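Just so it is clear, none of the values below were taken in a lab; they were calculated from the coordinates. All values derive from a computational prediction rather than experimental measurement. FYI the Cβ positions are ideal-geometry reconstructions off the backbone, even for glycines, and counts take in every protein chain you see.
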């Protein structure tokens, strides 16, 4: 019986051929936690009677969600993480190193065929590297830290075939927003998504991360892609390790196969307060924005900064807009500096904040005030997400965010002259 | 496990940011403190309305969004005995079982706000005392029942020294 990508990866980590519906305990290659989830995991680790982590080279904690710390409560939890990592002698990525979902791929330890658990729902991001990576909570994280294993129900897979090429001014963010709008916030709950087709193959590796990152917003356990030369070339920048790509069998069984022609796609936004409340940008164009956010694990990579700098370079952010830029990692920040992108963005009026999650999760770095509209490249627009339930959050591509920052209102990036 | 209490009803797609906002959860491990803010963005009075043993009752995809385990913990520490929904988001579902909060899949259209409910988890039956009806329950997968019966994943690990689910 043919297997999907995720069935093959779980089979390879559980020592037997598995199919959707099977429940197995599988070996995990890497275990990660962040500052919103690790403190509870440390407590659970101790409750479980944990002594050491299963492999100090296969675990990491990342301080990215509230970094640097905005108050003493957060500071004490960060300290707990530092002490735990030091005591167990494994890697902690501290303030300023970046978002966990950028750092793990950059670590070179995650690649095709890997199985990763992370105590953060957007751990599905590494599906773009042909890995099965999924979000868990703190207690599962503790179990993974101790045992190097996790139990899984092998999910069914829904396959998204994206035919055609994305038009100019339309990006991978627009595509994934459109797909989420189509299948809704629970369209793939308990399932894996496989993204395939001409449009995925044509995307850069960085653009693919954006698509995999948002699989959770349709409820999916994972969002997987096949590995190709671009994937392997991207990985070679960070690791000498040889990975064997995992492809679905031709006879693989899917719960649904959805085909799309993306050659007509327009720039998309998710409107408040749901990620699946998606519409073309033109439907909401003209709405004044007070804050624009470029960054996060969805769209804080070099290519995203390049797109925004291409629109904003030599121009000025609208005087009524605060543009906040959070590069996904220190490496991204350094690369962007070397390319002159940070110079261009700061000259345009952007405020650059510490590489990390930035204002996405409402702890610091730009909490909006009552009644304000925010346009952001992040992945969630739930009421209160950015720390104020009286603000409205629209999600869009880096190009749409940059164009909107420029004009002071939600703007289709194709309508900005000279871009 | 048997519980009795009244229903507090919510809609579809209640996400973990609504259950407990990020602005609170990063600051503390004191779940009793977090519990005061549970469901705050949906109903600012919710915490004050709950009596020990009550139920959260919702539609589809309850607990979607982030992986924060503070979500089931805040619900539990607010005095809620179980969450009943038509379906759950998967990370929340695992987290609830791992932390010992019962989660029950059932047809919640048969429950109105304020209905008096009684649940016998072992028997798999919900009795709506207000309506005088019984509501069937979708049974938990065997592995989750084992974890729940051990009191959550931490006691399970302490008892067995690791996963013992086969």
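Quick notes
- For the stretch A:81-192: rounded, prolate or oblate by the Cα gyration tensor [a/c cutoff 1.5]: prolate
- Burial order of peptide ranges A:185-191, B:113-119, A:321-327 (average beta-carbon count within 10 Å, highest first): A:321-327, A:185-191, B:113-119
- Taking only the Cα atoms of the stretch A:269-415, the radius of gyration and Dmax are 13.6, 39 Å.
- Whole-number D in µm² s⁻¹ for the stretch B:37-80, Kirkwood Cα-pair radius fed into Stokes-Einstein, 37 °C, 0.692 mPa s: 293
- Between the beta carbons of residue A:241 and residue A:55, assuming R0 = 22 Å, the FRET efficiency works out to 0.90 to the nearest 0.05.
- P(r) tail fraction, the stretch A:11-260 - alpha-carbon pairs more than 26 Å apart, %: 40
- Spin-label model, residue A:264 to residue A:71: label points 7 Å out along the Cα-to-beta-carbon direction sit 5.0 nm apart.
- Order of A:6, A:311 under a 10 Å beta carbon neighbour criterion, fewest first: A:311, A:6
- Residue order, fewest to most beta carbons within 10 Å, for A:121, B:133: B:133, A:121
- Stokes-Einstein diffusion coefficient of the stretch B:2-138, Kirkwood radius over Cα pairs, 20 °C, 1.002 mPa s, in µm²/s: 147
- Estimated FRET transfer efficiency when R0 is 30 angstrom, pair residue A:23-residue B:42 (beta carbons, to 0.05): 0.35
- GNM flexibility winner over chain B from B:122, B:85, B:71 (Cα, springs under 10 Å): B:122
- Between residue A:282 and residue A:202, residue separation times 0.36 nm minus the direct Cα-Cα distance comes to 26.2 nm.
- Principal axes of the protein assembly as shown: Cα extent on each, largest first, Å: 68, 51, 48
- Relative exposure of B:38, A:284, judged by other C-beta atoms within 10 Å (fewest first): A:284, B:38
- For the pair residue B:110 and residue A:107, label points projected 7 Å from Cα toward Cβ lie 4.7 nm apart.
- Averaging 1/r over every pair of different alpha carbons in the stretch B:70-166 and inverting the result gives a Kirkwood radius of 14.3 Å.
- Partner chain coverage, peptide B:143-156 - average Cβ within 10 angstrom: 3
- Taking chain A and dividing mean pair separation by its residue count, relative contact order in percent (alpha carbons under 8 Å, at least six apart): 18
- Mean separation of Cα contacts under 8 Å, 6 or more apart, over the residue count of chain B: relative contact order %: 23
- Alpha carbon Rg of the stretch A:371-419, scaled by the compact-globule rule 2.2 N^0.38 Å: 1.20
- Span from the the stretch A:359-413 Cα centroid across to the the stretch A:1-70 one, whole angstrom: 31
- Across peptide A:125-134, the mean count of Cβ atoms from other chains lying within 10 Å of each residue's own Cβ comes to 0.
- Calculated FRET value between residue B:1 and residue A:415, using beta carbons and R₀ = 51 Å, to 0.05: 0.30
- Separation of alpha-carbon centers, the stretch A:120-143 and the stretch A:288-320, rounded to whole Å: 28
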